[in-house]
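Trainee: Right, I'll just put the structure down here and ask away after.
The values are calculated or read from the model by the stated rules, or taken from the named source; none is laboratory data. Just so it is clear, the structure is predicted and the values come from calculations on it, not from any experiment. Note that each Cβ is placed from the backbone with ideal geometry, even for glycine, and that neighbours are counted across all protein chains shown. Side chains are part of the model used for accessible areas, which takes the heavy atoms of the whole protein and leaves out ligands, DNA and RNA. Shrake-Rupley method; radii C 1.70, N 1.55, O 1.52, S 1.80 Å.
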Amino acid sequence: MTTGRILVVDDEPQIRRVLRATLSAQGYEVQDARTGEDALNSIRASRFDLVLLDMSMPGMGGLETCRTIRATSEVAIIVLTVHDAEQDKVASLDAGADDYITKPFSTPELLARIRAALRRQPATSEPSAENLRLGEVEINFAARRVIGKDREIRLTPKEFDLLQYFVANPNVAIPHGRLLQAVWGPDYGNEVEYLRVFVNQLRKKIEPDPSHPRYLLTEPWVGYRFAPG
């Protein structure tokens, strides 16, 4: 049995009931919300480990809800949608989602995605040093904090996990599949668009010039390489 608090956000009552029953049977504590506005109120009032967020809702849409949640919270977010186009996936990830699942989905697939979103990196991928400075950016791995020149830089948990894995494997070309499996889990490997979005977000946060990266380098047709300096 697993534990964790999950908020299910979907305007369809039957889907909320099914997800509540399914997740409760797995040991999760589940609360639900019908709209994006209701979801934001719930997140302000309580702490959740993960949000399952439907993209097609009346009122505040799923993307806007996702962006608003991510602006103030590091909670894991999995979006649920009937659209399977890559542009929809990228839009969801750009809005701050950790993962993406297309309706209809099987229960084992959903549970696997939830476990992946909630997992932390294995200790074997931790950097050897507790702190690292990249120009004017300092990374504190023990506290999972990133400090810029004059402010704290907020990273989502998955962004920090990805950065931590890069730092633990400097100066080597890391293939896409290896990165995905290390950070998201063993069921991943082909979701290259995930890396494209997350690496771009990291570059915006830690690179002096994100359009000409110094630290997070693209290895064409292979993956990425972390160059510490």
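Trainee: Residues in the range 31-83 that are farther than 11 Å from Val8 by Cα, buried (at least 16 other Cβ atoms within 10 Å of the Cβ) and hydroxyl-bearing (Ser, Thr, Tyr): how many?
Mentor: Count: 4.
Trainee: Another question, if that's okay. When you go through (1) surrounded by fewer than 19 Cβ atoms within 10 Å (Cβ to Cβ); (2) modelled with pLDDT of 90 or more one by one for Ile206, which number turns out not to apply?
Mentor: (1)
Trainee: Where the second residue is aromatic (Phe, Trp, Tyr) and open to solvent by less than 70 Å² (accessible area, probe 1.4 Å) and the first is touching a residue at least 12 places away in the same chain (Cβ under 8 Å) and under 19 Å from Ser106 (Cβ atoms) and lies in the range 1-30, which pairs have Cβ atoms under 7 Å and are six or more apart or on separate chains?
Mentor: Close Cβ pairs satisfying both conditions: Thr2/Tyr28; Ile6/Tyr28; Ile6/Phe48.
Trainee: Could you tell me whether any residue of the range 168-182 is of a type in the set (A, V, I, L, M), open to solvent by 20 Å² or more (accessible area, probe 1.4 Å) and in contact with a Pro (Cβ under 6 Å, 6 or more places away or on another chain)?
Mentor: Taking every residue of the range 168-182 in turn, at least one turns out to be of a type in the set (A, V, I, L, M), open to solvent by 20 Å² or more (accessible area, probe 1.4 Å) and in contact with a Pro (Cβ under 6 Å, 6 or more places away or on another chain).
Trainee: Still on this structure: Considering only residues that are open to solvent by 40 Å² or more (accessible area, probe 1.4 Å) and of a type in the set (A, V, I, L, M), which ones fall in the range 128-141?
Mentor: Step one: of the range 128-141, the residues open to solvent by 40 Å² or more (accessible area, probe 1.4 Å) are 128-133, 135-136, 138, 140.
Correct list: Ala129, Leu132.
Trainee: Is at least one residue of the range 177-191 without any contact (Cβ under 8 Å) to a residue 40 or more places away in the chain, under 18 Å from the mean Cα position of the chain (by Cα) and part of a strand (DSSP E or B)?
Mentor: no
Trainee: Follow-up. Please work out if Gly61 is modelled with pLDDT under 95, within 17 Å of Leu118 (Cα to Cα) and not basic (Lys, Arg). Before you say what the answer is, go through the steps one by one.
Mentor: Working: modelled with pLDDT under 95: yes; within 17 Å of Leu118 (Cα to Cα): no; not basic (Lys, Arg): yes.
For Gly61, the condition - modelled with pLDDT under 95, within 17 Å of Leu118 (Cα to Cα) and not basic (Lys, Arg) - is not met.
Trainee: Further, regarding this structure: Anything in the range 79-122 that is more than 16 Å from the chain's Cα centre (by Cα) and charged (D, E, K, R)? List them, or say none.
Mentor: Once the filter is applied, which keeps residues that are more than 16 Å from the chain's Cα centre (by Cα) and charged (D, E, K, R), the range 79-122 yields Asp84, Glu86, Lys103, Glu109.
Trainee: Determine, yes or no, whether Ile77 is modelled with pLDDT of 90 or more, farther than 27 Å from Pro228 by Cα and part of a strand (DSSP E or B).
Mentor: Working: modelled with pLDDT of 90 or more: yes; farther than 27 Å from Pro228 by Cα: yes; part of a strand (DSSP E or B): yes.
The answer is yes for Ile77.
Trainee: Report, by residue number, each residue of the range 209-224 that is open to solvent by less than 60 Å² (accessible area, probe 1.4 Å), among the hydroxyl-bearing types (Ser, Thr, Tyr) and in a loop (DSSP other than H, G, I, E, B).
Mentor: Within the range 209-224, just Tyr215 meets the criteria.
Trainee: Let me ask something additional. In the range 112-125, is there at least one residue being out of contact with any strand residue (DSSP E or B) (no Cβ under 9 Å at 6 or more places or on another chain), modelled with pLDDT of 90 or more and under 26 Å from Glu86 (Cα atoms)? Full working, then the answer.
Mentor: First, pick out the residues of the range 112-125 that are out of contact with any strand residue (DSSP E or B) (no Cβ under 9 Å at 6 or more places or on another chain): 112, 115, 119-125.
Those still in the list that are modelled with pLDDT of 90 or more too: 112, 115.
Next, from what is left, pick out any that are under 26 Å from Glu86 (Cα atoms): 112, 115.
Among the residues of the range 112-125, at least one is out of contact with any strand residue (DSSP E or B) (no Cβ under 9 Å at 6 or more places or on another chain), modelled with pLDDT of 90 or more and under 26 Å from Glu86 (Cα atoms), which makes the answer yes.
Trainee: Is there a residue being in contact (Cβ under 8 Å) with a residue 24 or more places away in the chain, among the aliphatic types (A, V, I, L, M), more than 20 Å from Glu74 (Cβ to Cβ) and surrounded by 15 or more Cβ atoms within 10 Å (Cβ to Cβ) anywhere in the range 142-157?
Mentor: No, the conditions are met nowhere in the range 142-157.
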